Amino acid sequence: MKYFFKQRVLLFFHTWLFLLAFGSHAIGFDQYEEARRKMVKAIEADVRETSFYINRKSLDPRVMSVMGKVERHKFVPPSEQSWAYANRPIPIGHGQTISQPYIVALMTDLISVDPGDRVLEIGTGSGYQAAVLAEMGAEVFTIEIIEPLARKASERLAGLGYNQVKTRQGDGYYGWEEEAPFDAIVVTAAADHVPPPLVRQLKPGGVMVIPVGSRFLVQQLVLVSKDSAGSITTRQMLPVRFVPLTGDH
């Protein structure tokens, strides 16, 4: 009996040392899982509150599933990780932000991504939106004008295994002509007009979502649709606030 008790004590001691050494990774614990669930609930609440504008009371369940999966804390600076799953924008340096999760989810929903779609993103930022699109099954082409952000996002996305995301540093206003046409385009910075090069690079039947407006005035999230004949229609979806689209245009 004493031998059995001694063995149990030793087993407990060794287990305690193992957990102390390896922490949550030893048992696969995800400390952010509950935070992601709360973030998804906050997105759902925002969708209901803005249903009048966006003409929907819920988003595609696939989008919501991906929002609950992508580890947003890996796309924000270490100093901001405690706020990673707050339903708000977060500064990422160089005057840029990672978009509010509700807006990321809404823009992803609006372009109706299907597996295998080729999606162009203008404004990589930290890479979070690109990761969401990749988790939806898209082949993603993303452009960032700020070199340090472009480099870090490229390294981050590759390190997280998002091999279907191609990154590029440059002026997104002109798109990525050699990879066009695209099934969908997502622009994550506000322009004062819809860039013609992006319209040209959109496939017939494709859609683009872009914030349009001045930095100091109300911006509108605009859904741009190109029909099979190449005709363009636009629809204002929601008042928003984004950092401006920069470049030489």
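Among the residues of region 16-41, those that are closer than 18 Å to GLN81 by Cβ, at pLDDT 70 or above and not charged (D, E, K, R) comprise GLN31, TYR32, ALA35, MET39.
Got a sec? Which of SER228, SER214 is hydroxyl-bearing (Ser, Thr, Tyr) and more than 25 Å from PRO181 (Cα to Cα)?
It is SER214.
Once region 115-141 is narrowed to residues that are among the small types (Gly, Ala, Ser) and either modelled with pLDDT under 95 or over 10 Å from the mean Cα position of the chain (by Cα) (or both), the residue that is surrounded by the most Cβ atoms within 10 Å (Cβ to Cβ) is ALA138. Here LEU198 meets the list (1) within 16 Å of the chain's Cα centre (by Cα); (2) buried (at least 20 other Cβ atoms within 10 Å of the Cβ) almost entirely, failing just condition (1).
Scanning region 212-224 finds no residues that are basic (Lys, Arg), within 19 Å of GLY93 (Cα to Cα) and in contact (Cβ under 8 Å) with a residue 60 or more places away in the chain.
Looking across GLU49, GLU71, GLU44, one residue alone is closer than 30 Å to LEU223 by Cβ, charged (D, E, K, R), exposed (fewer than 12 other Cβ atoms within 10 Å of the Cβ) and modelled with pLDDT of 95 or more. It is GLU49. Counting only residues that are surrounded by fewer than 24 Cβ atoms within 10 Å (Cβ to Cβ) and not aliphatic (A, V, I, L, M), which one in region 100-114 is farthest from VAL222 (Cα to Cα)? Checking each candidate, the answer is ASP114. Applying the condition of being assigned to a loop (DSSP other than H, G, I, E, B) and under 11 Å from the mean Cα position of the chain (by Cα) to region 59-105 and asking which residue is nearest to ALA131 (Cα to Cα) yields VAL70. Scanning region 187-240 for residues that are over 19 Å from GLU121 (Cβ atoms) and charged (D, E, K, R) yields ASP192, ARG215, ASP227, ARG235. If you go through region 145-163 and keep only what is crowded, with 16+ Cβ neighbours inside 10 Å and farther than 18 Å from LYS74 by Cα, you end up with ILE145, ILE146.
Kindly check whether there is at least one residue in region 103-122 that is among the polar types (S, T, N, Q), more than 25 Å from GLU147 (Cβ to Cβ) and free of Cβ contacts under 8 Å to residues at least 24 places away in the same chain.
Going residue by residue through region 103-122, those that are among the polar types (S, T, N, Q) are 108, 112.
Now narrow it down to the ones that are more than 25 Å from GLU147 (Cβ to Cβ): 108, 112.
Subset that is free of Cβ contacts under 8 Å to residues at least 24 places away in the same chain: none.
No: zero hits.
Once region 52-68 is narrowed to residues that are of a type outside the set (A, V, I, L, M, F, W, C) and farther than 16 Å from MET107 by Cβ, the residue that is surrounded by the most Cβ atoms within 10 Å (Cβ to Cβ) is GLY68.
May I ask you to list the residues in region 39-53 that are in contact with a Leu (Cβ under 8 Å, 6 or more places away or on another chain), in contact (Cβ under 8 Å) with a residue 60 or more places away in the chain and assigned to a helix (DSSP H, G or I)? If the condition is that a residue be in contact with a Leu (Cβ under 8 Å, 6 or more places away or on another chain), in contact (Cβ under 8 Å) with a residue 60 or more places away in the chain and assigned to a helix (DSSP H, G or I), then ILE43, TYR53 are the ones that fit.
The values are calculated or read from the model by the stated rules, or taken from the named source; none is laboratory data. Worth saying up front: this structure is predicted, and the values here are computed from it rather than measured. When we count neighbours, we look across all protein chains shown, and the Cβ atoms used for this are built from the backbone with ideal geometry, even at glycine.
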